[in-house]
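I'd like to ask you about the structure that follows.
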């Protein structure tokens, strides 16, 4: 990532923010509202601040994409080197064969390469239950990692929640327990100790299929060796799947799709009558303290960008803005001292909308990903257009894990 560019943007952000504070301070010192000229200067500065903050966010997302280790694969037991067939040379040969398959189909492959794609015995990277030409082929590690990382960049919650990875899509029973209402006892000498059983529950995580929809690529583009299909294609498929998955993880109904965070979380604060699109400083204090103090050390905010715009205008009881810009590269912006994350799949401020989530998302929300990624190459369907279609799938589910760890803010109905 261009560090000098990020440093320049952070410095400009802080300069613009200080200019806005000076405008406000001058009016407050004189005991008056902003003049027409001051209001125009404030609006211009705020518009520029929004642009610069957006540029900073984009650079930070780019940095996350660049930091992915293409030689690692996440498994159900942790992260380690995935050697696939047992050697880096064999993995490279497999990736080359898969790239040729994407560009030219089976006709471009040698007999050895065809057998390599179709033989999935012993492969850790198997993409699904079928490996014939009509069902798709095993996806190489690098291809899968590009897709997964792109998905994470689009879904803010996917970067915050607890993510488990399984090698199959079978229903996964996840144990639950809430023992917070129980405590120990003081026992006198020669007295019998009491009993208090643990109540263990369980919920099932499924493997809902998220589709990228079809992406068509012209034969001319496929034949252009200068075009990096191996990077472009998984990025496009990942973007589409990532957008849909992000929406499910925030607002999913839980019926034939994941249980969304704002759908399943407990409301910690409801806005007063009239706050259909607004909120006040006290609302944020209430939502923060609606989460048990045991979770607050790891708590963060999650919201839509339009909600952040509303919060940036709020001040505490001493007139200090709740939102604070990045003090220097490497430090996050904060709201009331807590870091925040943007996810534009979150609801925007509206009547009855649950526009803000606050808490420890690592403890509060669970995402299940199936390790397999399936990619299909559709040749005959678009042959008359001189195009080849590609289709990507990912299997995932999500649910509230610890209901005590997260609360949401809900706007008033009227």
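For segment 160-188, how many residues are assigned to a loop (DSSP other than H, G, I, E, B) and in contact with a strand residue (DSSP E or B) (Cβ under 9 Å, 6 or more places away or on another chain)?
Of the residues in that region, 7 qualify.
Examine segment 369-376 for a residue that is surrounded by fewer than 22 Cβ atoms within 10 Å (Cβ to Cβ) and more than 22 Å from the chain's Cα centre (by Cα), and state whether such a residue exists.
yes
So that you can scan it fast, the table gives a plain yes or no per residue for (1) at pLDDT 70 or above; (2) surrounded by 14 or more Cβ atoms within 10 Å (Cβ to Cβ); (3) outside the structural domain of residue 245 (by TED's automatic domain parsing):
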residue	(1), (2), (3)
104	yes, yes, yes
129	no, no, yes
145	yes, yes, no
156	yes, yes, no
162	yes, yes, no
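Give the residues of segment 222-233 that are closer than 19 Å to residue 379 by Cα, modelled with pLDDT under 80 and outside any loop (DSSP other than H, G, I, E, B), sorted by residue number.
222, 229, 230, 232, listed by residue number.
Residue 151 passes all but one of (1) outside any helix (DSSP H, G or I); (2) under 30 Å from residue 359 (Cβ atoms); (3) within 30 Å of the chain's Cα centre (by Cα); which number fails?
Checking residue 151 against (1) outside any helix (DSSP H, G or I); (2) under 30 Å from residue 359 (Cβ atoms); (3) within 30 Å of the chain's Cα centre (by Cα), the one that fails is (1).
Out of all the residues in segment 22-46, which are more than 20 Å from residue 310 (Cβ to Cβ) and assigned to a loop (DSSP other than H, G, I, E, B)?
Scanning segment 22-46 gives 30, 31, 32, 33, 35.
Return yes when residue 229 is farther than 28 Å from residue 358 by Cβ, touching a helix residue (DSSP H, G or I) at 6+ places or on another chain (Cβ under 7 Å) and surrounded by 16 or more Cβ atoms within 10 Å (Cβ to Cβ) and no when it is not.
The answer is yes for residue 229.
Does any residue of segment 391-399 turn out to be touching a helix residue (DSSP H, G or I) at 6+ places or on another chain (Cβ under 8 Å) and closer than 20 Å to residue 267 by Cα?
Scanning segment 391-399, I find at least one residue that is touching a helix residue (DSSP H, G or I) at 6+ places or on another chain (Cβ under 8 Å) and closer than 20 Å to residue 267 by Cα, so the answer is yes.
Could you run through segment 1-21 and say how many residues are surrounded by 12 or more Cβ atoms within 10 Å (Cβ to Cβ) and not in a helix (DSSP H, G or I)?
Looking only at that region, the number is 1.
Given the conditions (1) more than 26 Å from residue 311 (Cβ to Cβ); (2) assigned to a helix (DSSP H, G or I); (3) at pLDDT 85 or above, report the number of the one that residue 214 does not fulfil.
For residue 214, the failing item is (2).
Do any strands (runs of 3 or more DSSP E) entirely within segment 263-364 hold 1 or more residues that are touching a strand residue (DSSP E or B) at 6+ places or on another chain (Cβ under 7 Å), assigned by TED's automatic domain parsing to the domain that holds residue 46 and touching a residue at least 60 places away in the same chain (Cβ under 8 Å), and if so, which? So that I can check it myself, show each step before the final result.
Values: elements: 266-270, 300-303, 338-342, 354-359.
No strands (runs of 3 or more DSSP E) qualify here.
The values are calculated or read from the model by the stated rules, or taken from the named source; none is laboratory data. These numbers were taken from a predicted model, which means no experiment stands behind them. Don't worry about glycine lacking a Cβ; one is built from the backbone with ideal geometry, like all the others, and counts go over all protein chains shown.
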